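Structure first, then comments.
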Amino acid sequence: MTTPYSHHHRLFLVLLVLVHYSCTSSSSDSSIIISRFREYLQINTAQPNPNYREAAEFLVSQANFLSLDSQVLEFVPGKPLVLLKWPGKSPSLPSILLNSHTDVVPSEHHKWSHPPFEAHLDSSTGNIFARGSQDMKCVGMQYLEAIRKLKASGFQPLRTVYLSFVPDEEVGGHDGAEKFADSEVFKKMNVGVLLDEGLASPDEFYRVFYAERAPWWLVIKATGAPGHGAKLYDNSAMENLLKSIESIRRFRAAQFDLVKSGSRAEGQVISVNMAFLKAGTPSPTGFVMNLQPSEAQAGFDIRVPPTADPSSLERRIAEEWAPSSRNMTFEFKQKTSVYDKFGKPILTALDSSNPWWALLEAAIKKANGKLGKPEIFPASTDARYFRDRGLPAIGFSPMANTPILLHDHNEFLNKDEYLKGIDMYVSIIEAYASFDEQTRDEASRAEL
Ligand SMILES: [Zn+2]
């Protein structure tokens, strides 16, 4: 076949096409990246009936595109955990685990400006509105996008990189991360470090977490002689309970003052909030008004940082908040230890014993991100199940310049922040997966 073009002409045309392609590819790349994120957000994985099947299918198809090994584990039937693997060149080195949860909390649809599973992209601001846009489908997809970029650049990991997409974090993680961390599969993965979720940051500094507070759910109960509503007497159940509540409120105010004055961060103090009050003698129209009841109860959500002394709090509960001398008893609906199974406070060291911390700091800096002071997570995440085994775990969701809207109405993430976050993970995964030293922690674990 003949062609009307000379060799020169043809080369020029090819160059023109290439120039055109490279000018447009980055913006079309990012719109494809954003549409993949929105696709994941559109899967309704809200508790209590998350569509885990559809999420798992989506994630496995993403893994297939990226040529990652995938398996779907069901520690509990109907609650799939998607485990992906990018094998490293030195599989004997401890691996990297990138964890995220697939479920989200419910939402009150009518209070949202856009339906929470539409993943509406506001064209003027670039904000993407969806339940899970911050907590934490963003992170799960950012891991995958970062791996896509690393693969495209020809990067090959030295250490094996795993990604776990776990169910049920929002309902305690017992059928998800907890069973996973206890499993034979997990043991064989030989994980050396884990990344999990953090929180958005309203300023330009990313937040990073090295520990979390342990939930203690305390119920105190007062008893006393019942009596006529008109009688003044000591030791009624109501009076006994109120004395305790006053004492608890003083403790709460003192802890809160430390936060208000700026001398402690939220995660560094013991928080106490009343969750319920239960007392009174019911009547068809409400409560009997001329009777002082013989029993009264109150429940408290207490969060204890691993830096606090739990035994002094236990003493305070037994001696001040629910003393038997005032006919009071107490029980814990939940009481998570602040110590791991080796008897050490459950926190990830940020000193020279943990090289992963320095690597993370350097990687974020290299990608032009700014990191705030490491914090204790105020609530609970799945990271606790891994820290409990002595594993270093860092909580990090790269969302700067973003209002904290997890579990709130109109949860959103801006598309540019999302894209920037992918670059953070490119840098982190590259640094982690290239790290070729046996760390001290790893060496001591290997001896166990
Ligand atoms: Zn979360």
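The values are calculated or read from the model by the stated rules, or taken from the named source; none is laboratory data. What you see is a predicted model; the values in this text were computed from it and never measured. No Cβ is skipped: glycine too gets one built from the backbone with ideal geometry, and neighbour counts run over all protein chains shown.
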Checklist outcome for this item: When (1) touching a helix residue (DSSP H, G or I) at 6+ places or on another chain (Cβ under 7 Å); (2) without any contact (Cβ under 8 Å) to a residue 12 or more places away in the chain are applied to T307, the one that fails is (2)
Checklist entry - Across segment 123-160, what is the total count of residues that are of a type outside the set (S, T, N, Q) and without any contact (Cβ under 8 Å) to a residue 60 or more places away in the chain? => result 2
Item to check | Residue selected from segment 395-410 under the condition within 15 Å of the ligand (Cβ to nearest atom) and touching a helix residue (DSSP H, G or I) at 6+ places or on another chain (Cβ under 9 Å), by the criterion farthest from V426 (Cα to Cα) | outcome: H407
Checklist outcome for this item: Taking segment 121-147 and keeping residues surrounded by fewer than 18 Cβ atoms within 10 Å (Cβ to Cβ) and of a type outside the set (D, E) leaves S123, S124, T125, G126
Next on the checklist: Given the condition surrounded by 14 or more Cβ atoms within 10 Å (Cβ to Cβ), within 16 Å of the ligand (Cβ to nearest atom) and either under 25 Å from T381 (Cβ atoms) or at pLDDT 95 or above (or both), answer yes or no: does some residue in segment 59-77 qualify?
Outcome noted: no
Checklist entry - Does at least one position in segment 269-292 carry a residue that is touching a residue at least 60 places away in the same chain (Cβ under 8 Å) and either surrounded by 22 or more Cβ atoms within 10 Å (Cβ to Cβ) or in the same structural domain as E170 (by TED's automatic domain parsing) (or both)? => result yes
Checklist entry - If you check Y425 against the conditions, is it away from the ligand (no atom under 16 Å from the Cβ) and in contact (Cβ under 8 Å) with a residue 24 or more places away in the chain? => result yes
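Let's see how each residue does on (1) modelled with pLDDT of 95 or more; (2) part of a helix (DSSP H, G or I); (3) within 28 Å of R387 (Cα to Cα):
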position: L405; (1), (2), (3): no, no, yes
position: D416; (1), (2), (3): yes, yes, no
position: Y425; (1), (2), (3): yes, yes, yes
position: I429; (1), (2), (3): yes, yes, yes
Checklist outcome for this item: Scanning segment 329-371 for residues that are in a helix (DSSP H, G or I) and under 20 Å from the mean Cα position of the chain (by Cα), the one farthest from R213 (Cα to Cα) turns out to be I364
Next on the checklist: Suppose the filter is assigned by TED's automatic domain parsing to the domain that holds S397, more than 17 Å from G176 (Cα to Cα) and of a type in the set (G, A, S); does S95 pass it?
Outcome noted: yes
Next on the checklist: So in segment 149-168, with the set limited to residues that are touching a Phe, Trp or Tyr at 6+ places or on another chain (Cβ under 8 Å) and within 23 Å of Q134 (Cβ to Cβ), which one is nearest to the ligand (Cβ to nearest atom)?
Outcome noted: V166
Checklist entry - Hey, which of the strands (runs of 3 or more DSSP E) in segment 174-243, taking only ones fully inside, have at least 1 residues that are surrounded by fewer than 19 Cβ atoms within 10 Å (Cβ to Cβ)? => result 214-223
Checklist entry - Being small (G, A, S), away from the ligand (no atom under 14 Å from the Cβ) and assigned by TED's automatic domain parsing to the domain that holds Q47, is that true of even one residue in segment 135-142? => result no
Next on the checklist: Looking at segment 89-112 only, could you name the residues that are of a type outside the set (A, V, I, L, M), buried (at least 21 other Cβ atoms within 10 Å of the Cβ) and away from the ligand (no atom under 16 Å from the Cβ)?
Outcome noted: P94, S95
Next on the checklist: Filter segment 138-167 down to the residues that are closer than 18 Å to Q71 by Cβ and of a type outside the set (A, V, I, L, M) and list them by number.
Outcome noted: G140, Y143, T160, Y162, S164, F165, P167
Checklist outcome for this item: Looking across segment 169-205 at residues that are within 16 Å of the ligand (Cβ to nearest atom) and over 17 Å from R387 (Cα atoms), the single one that is farthest from the chain's Cα centre (by Cα) is D175
